[in-house]
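Novice: Below you'll find the structure I mean.
The values are calculated or read from the model by the stated rules, or taken from the named source; none is laboratory data. All values reported here derive from a predicted model rather than from experimental measurement. Cβ coordinates were reconstructed from backbone atoms using ideal geometry, including for glycine residues, and neighbour counts include every protein chain displayed. For the accessible areas, the whole protein counts, side chains as well, though only heavy atoms, and no ligand, DNA or RNA atoms are used. Shrake-Rupley method; radii C 1.70, N 1.55, O 1.52, S 1.80 Å.
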Amino acid sequence: LFFSSRRRHTRSASVSWARRCVQETGGITLENVWSNFDHYYLAHLLGWFVLGFMIRDRFVLHSWGLMDEIVELSWQHILPHFRECWWDHVFIDVLFSNSVGIELALFVIKATGMNLYDWLGKKGAKSWREWKVFTCHRHFGFLMTFYIFVIGRFLGMFFFMNAMLLPPYNLISALRVVCWAFFAYLPFREIYEDISTWFTAERKTKRVEGNYRWLGMAIIVMECVVSYKFRFGTGNMIENAETPLYIIIPWVVAFVGLGGFYVYLRFNKNRTRKFKEPIKGEEVREDKLKAQQRSLTTRIRYSLYK
């Protein structure tokens, strides 16, 4: 019964979020481009600026932005809100909002002396083939899981609005994004500490938390379940739409290929382990051992300000 698509009410929002394109707007013109610098543009710009401080890695941020556009193209046959002009995807979203927000955040990080993160494990590598993301199953697996769940969060934002009959300007939608902005730093920091200490001597003494990761994943899964349950009868999505093969095949190939590569990294004889023996003569400091007994409040402060 919980997964039944029957709703307790039949009210329809009947709101079409689809953008008019070439046939109706006359294609790419200065007037059409300028009209898209609206509150959505400012939201994109500010959102990626904030994400820049959370992720602090240029490649991961830009690839995440491109992934969002690919997801929009892949789901636009179901959600009309994703139907945008090609120049809207390329210029407004990728070049003028996402990239500007990312680069501005990275500039501020460098200018203020904050540390950048190395999600791909490039430090000390002589070529891209030596990056840890291509040699360590932990790095690769976490990065792929990261992309899967940020895609789920991105889709959940629009499907949840559809399921709850929320118009684009509703305050609840804005508050949801703000809550995610304050919360998301903690699971991102946990993931980065996990992969950055994997296969190191430090991992034996440093406690790696996972509470906020599990909480974040649970929230995303619950949003997806609620969106699936109340998916019909809203007027904001195309019901029973068939997904074309040219969308299905690339996604299947990508999942199979990436999954196969993870299995190879995980079970080959040179795979990385959780711990790495310390250098001979190196002593473990007493304060690192005591770190395991830190109170929850202290660990939260440590993850926030480190």
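Novice: Within segment 77-95, is even one residue surrounded by fewer than 15 Cβ atoms within 10 Å (Cβ to Cβ) and modelled with pLDDT of 80 or more?
Specialist: Applying the first criterion (surrounded by fewer than 15 Cβ atoms within 10 Å (Cβ to Cβ)) to segment 77-95 yields 86, 90, 95.
Adding the requirement that they be modelled with pLDDT of 80 or more leaves 95.
Checked segment 77-95: at least one residue is surrounded by fewer than 15 Cβ atoms within 10 Å (Cβ to Cβ) and modelled with pLDDT of 80 or more.
Novice: Within segment 189-220, how many residues are open to solvent by 30 Å² or more (accessible area, probe 1.4 Å), under 20 Å from G152 (Cα atoms) and either without any contact (Cβ under 8 Å) to a residue 24 or more places away in the chain or in a strand (DSSP E or B) (or both)?
Specialist: So the answer is 4.
Novice: List every residue pair whose Cβ atoms sit under 9 Å apart, with the two residues 6 or more apart in sequence or on different chains, where the first one lies in segment 26-55 and is over 18 Å from C85 (Cβ atoms) and open to solvent by 30 Å² or more (accessible area, probe 1.4 Å) and the second, anywhere, is assigned to a loop (DSSP other than H, G, I, E, B) and modelled with pLDDT of 90 or more.
Specialist: F53/M114
Novice: If a residue must be in contact with a Gly (Cβ under 7 Å, 6 or more places away or on another chain), closer than 19 Å to H62 by Cα and not in a helix (DSSP H, G or I), how many such residues does segment 103-151 contain?
Specialist: Adding up the residues that qualify gives 1.
Novice: If you don't mind, there's one more thing I want to ask. Would you check if V178 is in a helix (DSSP H, G or I), free of Cβ contacts under 8 Å to residues at least 40 places away in the same chain and more than 19 Å from the chain's Cα centre (by Cα)? It would help to see each step written out before you state the result.
Specialist: Values: in a helix (DSSP H, G or I): yes; free of Cβ contacts under 8 Å to residues at least 40 places away in the same chain: yes; more than 19 Å from the chain's Cα centre (by Cα): no.
Spelling it out, it is not the case that V178 is in a helix (DSSP H, G or I), free of Cβ contacts under 8 Å to residues at least 40 places away in the same chain and more than 19 Å from the chain's Cα centre (by Cα).
Novice: Continuing with the same structure: Given the conditions (1) open to solvent by 50 Å² or more (accessible area, probe 1.4 Å); (2) modelled with pLDDT of 85 or more; (3) over 13 Å from the mean Cα position of the chain (by Cα), report the number of the one that P167 does not fulfil.
Specialist: Failed condition: (2).
Novice: Is it the case that segment 239-259 has a residue that's more than 23 Å from Q76 (Cα to Cα), more than 18 Å from the chain's Cα centre (by Cα), aliphatic (A, V, I, L, M) and modelled with pLDDT of 90 or more? Before the answer, list the steps.
Specialist: In the first step, residues of segment 239-259 are kept if they are more than 23 Å from Q76 (Cα to Cα); the result is 256-259.
Add one more test, that the residue is more than 18 Å from the chain's Cα centre (by Cα), and what stays is 256-257, 259.
Among the residues that remain, those that are also aliphatic (A, V, I, L, M) are: 256.
Those still in the list that are modelled with pLDDT of 90 or more too: 256.
For segment 239-259, residues more than 23 Å from Q76 (Cα to Cα), more than 18 Å from the chain's Cα centre (by Cα), aliphatic (A, V, I, L, M) and modelled with pLDDT of 90 or more: present.
Novice: Provide a single number: the residues in segment 209-238 that are small (G, A, S) and within 20 Å of S74 (Cβ to Cβ). Walk me through how you get there before you give the answer.
Specialist: Initially, segment 209-238 is screened for residues small (G, A, S), giving 210, 216, 218, 227, 233, 235.
After this cut, where a residue has to be within 20 Å of S74 (Cβ to Cβ) as well, the list is 227.
Summing the residues that are small (G, A, S) and within 20 Å of S74 (Cβ to Cβ) in segment 209-238 gives 1.
Novice: Scan I249, I195 and give me the residue that is of a type in the set (A, V, I, L, M, F, W, C) and within 24 Å of G121 (Cα to Cα).
Specialist: Going through I249, I195 in turn, the sole match is I195.
Novice: Give the residue, chosen from W48, W34, that is more than 29 Å from F230 (Cβ to Cβ) and modelled with pLDDT of 90 or more.
Specialist: Within the list W48, W34, the selection yields W48.
Novice: Cβ-Cβ distance below 6 Å, separation of 6 or more or different chains: which pairs start in segment 245-273 with a residue that is polar (S, T, N, Q) and end on one that is in a loop (DSSP other than H, G, I, E, B)?
Specialist: T272/C136; T272/F199
Novice: Output yes when any residue across segment 225-243 is in contact with an Asp or Glu (Cβ under 9 Å, 6 or more places away or on another chain), at negative phi and open to solvent by less than 90 Å² (accessible area, probe 1.4 Å), and no when none is.
Specialist: The answer is yes, given that some residue of segment 225-243 is in contact with an Asp or Glu (Cβ under 9 Å, 6 or more places away or on another chain), at negative phi and open to solvent by less than 90 Å² (accessible area, probe 1.4 Å).
Novice: Every residue in segment 229-241 that is out of contact with any helix residue (DSSP H, G or I) (no Cβ under 8 Å at 6 or more places or on another chain) and either in a helix (DSSP H, G or I) or without any contact (Cβ under 8 Å) to a residue 24 or more places away in the chain (or both), please. If you could, list the steps in order and put the result at the bottom.
Specialist: Step one: of segment 229-241, the residues out of contact with any helix residue (DSSP H, G or I) (no Cβ under 8 Å at 6 or more places or on another chain) are 232-233, 235, 239-241.
The answer is E239, N240.
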